[in-house]
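Note sheet for the following structure.
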Amino acid sequence: MEHLKVAIGSDHGGFRYKDSIIDYLKLRNIEYVDVGTYTPESCDYPVIARKVAEKVISGEVDRGILVCGTGIGMSISANKVHGIRAALCCDTYSARVSRAHNNANILCLGERVIGEHLALDIVDIWLKTGFEGGRHKRRVDIIE
Ligand code: RB5
């Protein structure tokens, strides 16, 4: 895996998976910034999504991971930030292709939708997969 720095955030709905993903990142010596939330208390996912998105856009980190109950609120919010390509993934195929074809720079996950081990497999594949470029670059450039 190329040397990556990742920003990770969740609301209360994704709080537990955020911790499991952080354990995964530590195990693999992947550098990360945890933008919160830091307690299980209810909080607003758009605020967290914005923090992760801004770190990706500023170049402070290479990629971001966001977890909420469904992953939907996080993906809607993150994709409001210009230059963000946030992919909500519930399966490993989408995770791989979101990187290979869409050059997704944020992965969104739903803690209330998929199992924890699947979420960790998705993270693993998403972090390992590179952008294929070529015709896919042309399409990503059109988005921008
Ligand atoms: C919080 O209850 C829930 O709405 C949030 O985690 C997320 O699922 C929003 O999309």
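For this structure, a couple of remarks:
- The stretch between Ile142 and Tyr24, if pulled fully straight at 0.36 nm per residue, gains 39.0 nm over its current Cα-Cα span.
- Charged-residue dipole, Cβ positions (Lys, Arg, Asp, Glu), the stretch 25-65 about Cα centre, Debye nearest 20: 140 debye
- With the helix formula -39500 (n - 2.57) applied to DSSP H stretches of n ≥ 4, the chain reaches a computed 222 nm mean residue ellipticity of -13500 deg cm²/dmol.
- Comparing Cα centroids, the stretch 94-144 and the stretch 1-70 end up 15 angstrom apart.
- By accessible area with a 1.4 Å probe, ligands and nucleic acids excluded, highest first: order of Leu120, Leu27, Leu107: Leu27, Leu120, Leu107
- Val33 long-range amide H proximity, modeled H, under 5 Å: Val6, Ala7, Ile8
- Under 5 Å, built H, 5+ apart or other chain: amide partners of Leu88: Cys108
- Compactness of the stretch 54-120 was expressed as the Cα radius of gyration divided by 2.2 N^0.38 Å, which yields 1.05.
- For Lys80, a cut-off of 23 angstrom between C-alpha atoms picks up these lysines, skipping any fewer than 8 places away in its own chain: Lys5, Lys18, Lys51, Lys55, Lys137.
- Net length available on complete extension from Lys128 to Glu60 is 22.5 nm, with 0.36 nm assigned per residue and the Cα-Cα distance removed.
- Sorted largest first by accessible area at a 1.4 angstrom probe radius, with every protein chain in place, the residues Tyr32, Tyr17 fall in the order Tyr32, Tyr17.
- For the stretch 34-46, backbone phi angles converted through the Karplus equation (6.51, -1.76, 1.60; θ = phi - 60°) give residue-by-residue couplings of 9, 8, x, 6, 9, 9, x, 4, 4, 8, 9, 4, x Hz, Gly and Pro being listed as x.
- Glu116 sits among other residues whose Cβ lies under 14 Å from its own Cβ, and their net charge, with Lys and Arg +1 and Asp and Glu -1, is -2.
- Across the stretch 66-74, coupling constants 3J(HN,Hα) worked out from phi with the 6.51/-1.76/1.60 Karplus curve, θ = phi - 60°, read 10, 10, 9, x, 10, x, 6, x, 5 Hz, and Gly and Pro carry x.
- Dimensions of the stretch 90-144 along the principal axes, based on C-alpha atoms and rounded to the nearest Å, stand at 35, 18, 14, largest first.
- Ranked from largest to smallest solvent-accessible area, with a 1.4 Å probe on the protein heavy atoms, Thr37, Thr92 come out as Thr92, Thr37.
- Expressed per residue, the C-alpha convex hull volume of the stretch 1-91 stands at 93 Å³.
- If only the Cβ of Lys and Arg carry +1 and only the Cβ of Asp and Glu carry -1, the dipole of the stretch 1-109 around its Cα centre is close to 260 debye.
The values are calculated or read from the model by the stated rules, or taken from the named source; none is laboratory data. Just so it is clear, the model here is predicted, and its values are computed rather than measured. All Cβ positions, even for glycine, are placed from backbone atoms using ideal geometry, and neighbour counts span all protein chains on display. The protein model used for the area step is the full one, side chains on, heavy atoms only, and it has no ligands, DNA or RNA in it. Shrake-Rupley method; radii C 1.70, N 1.55, O 1.52, S 1.80 Å.
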